[in-house]
Structure formats: structure tokens, C-alpha cells
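Below: the structure, in C-alpha cells.
The values are calculated or read from the model by the stated rules, or taken from the named source; none is laboratory data. From a predicted model like this one, the values you see are computed outputs, not experimental measurements. Methodologically, a virtual Cβ is constructed for each residue, glycine included, from the backbone with ideal geometry; neighbour enumeration extends over all protein chains shown. These area figures cover heavy atoms from the full protein model, side chains too; ligands, DNA and RNA do not enter into them. Shrake-Rupley method; radii C 1.70, N 1.55, O 1.52, S 1.80 Å.
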Amino acid sequence: MIKKIKSIFFKLILIIQGAKIGKNFSCENLPKITLIKTSKLNLILGDGVIFSGKVEIKIRDESSIKISNNVKVDQGVRINVANESKIQIGSNSKVMFYSQINAGADIYIGSYSALSSHSTLTSSSHLYKLRENFLKTDYLHKSVFIGDNVHIGIGTFVSPGTKVDSNIIVGPVSYVNKDLLDQNSYYNGNPIKKIYSLEENS
């Protein structure tokens, strides 16, 4: 009962800030919200969304976040969006403990997909120039696409500009810096490579 009352209270606070939230929202702690160069919380949550533990959301410019029905966002997750970009997470997906989604360009995650704990999915990176401090250079922004039924393993880094097609497993501690397009496959490693076909091992 206490958890339900807290969820209703936190939902009202988020709606006052501009969010649109569906039915059966569950929220253990009020998310840390940071708005930069925008006065409105451009956040859309579908029905049955769960924020489990402390979640941080940062929205810069006129960017937006859309989280579809029955998505679970775990403790310690950080979601950051800027440059008028969009983050969209499909229904029944999960963003697990202490992962982060950093969007300087659009990021799309399909339905029934999961970003495992301590993983990073980013559409922005520093531009490195000879004899220049990288902290003072511009950023490179390229959109990221994750299909349906994709499992990104623990401690994995997904680079800007990459596409991971549907029905793919990426093993733990991988570095995804190229498109993974062979469906029904298991990829792993740094550099990332196909290990085997799921059809052959079923």
C-alpha cells in the first residue's frame, strides 16, 4: 500500500513537470530530473512502467524520452538525451542495474530487449584531434538502433552509429563498434565477432 501511494505521489510530481504517464506506474524513488535549456519534462511513459530504485534522467534542449508499456528501469540507471534527439524504448524491455543510455543523436531500443547491468549505450563520442585536448573538441553524434528480442550482456559498450538487428544476443563485456545484422546469432568480444548461430545450438 505504501509503495502504491508513493508511486501515485511521484507520478503527480512528474506530470506537473510535463511528463505524460500511463496506468499502473510503479516508482520506488522520485527520479533525479535535470532539465537544461528546456522548461518541460519531455517524458512519455506507457502503462505498467516500473522505476525500481533511484533513476536519473537528464534532458537537454527540446529532446525527448518515450518508454513504452511494461518497461522496467532498474536501480542506478542514467538516461541522458540532448541535441533535440529522441530516446525510444519498446514495450516489455528492461534497462538493468547501473546501465546508462546517452543520446546526442536518436537511440531506438525495440520490444522485449534488455540492456544488462553496468552497460553503456551511447550515440555520442568525443572527436579526437592531433595536439588538441579532447575535452575541448566537439562531439561526434550518430544514431543507434537496437532491434526486438536483443540481449546486451553485462558490462558491454555500444558505440555511436551501430545497429543491432533483432533476435541477437551480445555476450558480456563486449565492444559493439559495428553493425550486427546476422539474426538468431550470438556475438561476443572486443573486437566483437559472431560466435555461433542460435539455430545451430538450439
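Just to be sure I understand: with springs between alpha-carbon atoms less than 10 Å apart, which residue in Asp148, Asp182, Asp74 has the highest mean-square fluctuation in the Gaussian network model of the chain?
In this elastic network of the chain, the residue with the biggest mean-square fluctuation among Asp148, Asp182, Asp74 is Asp182.
Relative to the present Cα-Cα distance, how much length would full extension add between Leu127 and Gln17 at 0.36 nm per residue of separation?
Between Leu127 and Gln17, full extension yields 36.2 nm more.
When the Debye formula is applied to the Cα atoms of segment 1-134, each taken as the same point scatterer, what base-10 log of I(q)/I(0) results at q = 0.15, 0.16, 0.20 Å⁻¹?
Once normalised to I(0) and log-transformed, intensities are -0.68, -0.76, -1.18.
Hey, what does the equivalent ellipsoid look like for segment 51-129, semi-axes from the Cα gyration tensor as sqrt of 5 times each eigenvalue, largest first, whole Å?
20, 14, 12
Distance in nm between label sites at Phe157 and Glu56, each 7 Å beyond Cα in the beta-carbon direction?
In this crude spin-label approximation the distance works out to 1.8 nm.
Ignoring ligands, DNA and RNA, what percent of the accessible area of segment 139-194 is carbon or sulfur (1.4 Å)?
For segment 139-194, the apolar C and S fraction of the accessible surface comes to 51 percent.
Round to a whole number: what % of the accessible area of segment 1-90 belongs to carbon and sulfur, probe 1.4 Å?
53 percent
Distance cut-off 18 Å, Cα to Cα: go down the list Lys37/Lys58; Lys163/Lys193; Lys40/Lys72; Lys20/Lys66; Lys37/Lys163 and report the pairs above it.
Flagged as over cut-off: Lys40/Lys72; Lys37/Lys163.
Please give the per residue accessible area of the chain, computed with a probe of 1.4 Å over protein heavy atoms only, in Å².
Counting only protein heavy atoms, the per-residue value for the chain is 53 Å².
Taking a temperature of 10 °C and a viscosity of 1.306 mPa s, what whole-number D in µm²/s does Stokes-Einstein yield for segment 56-202 with Rh from Kirkwood over alpha carbon pairs?
Value of D from the Cα-based Kirkwood radius: 103 µm²/s.
Work the Kirkwood hydrodynamic radius out for segment 1-75: mean of 1/r over every pair of different alpha-carbon atoms, inverted, in Å.
12.3 Å
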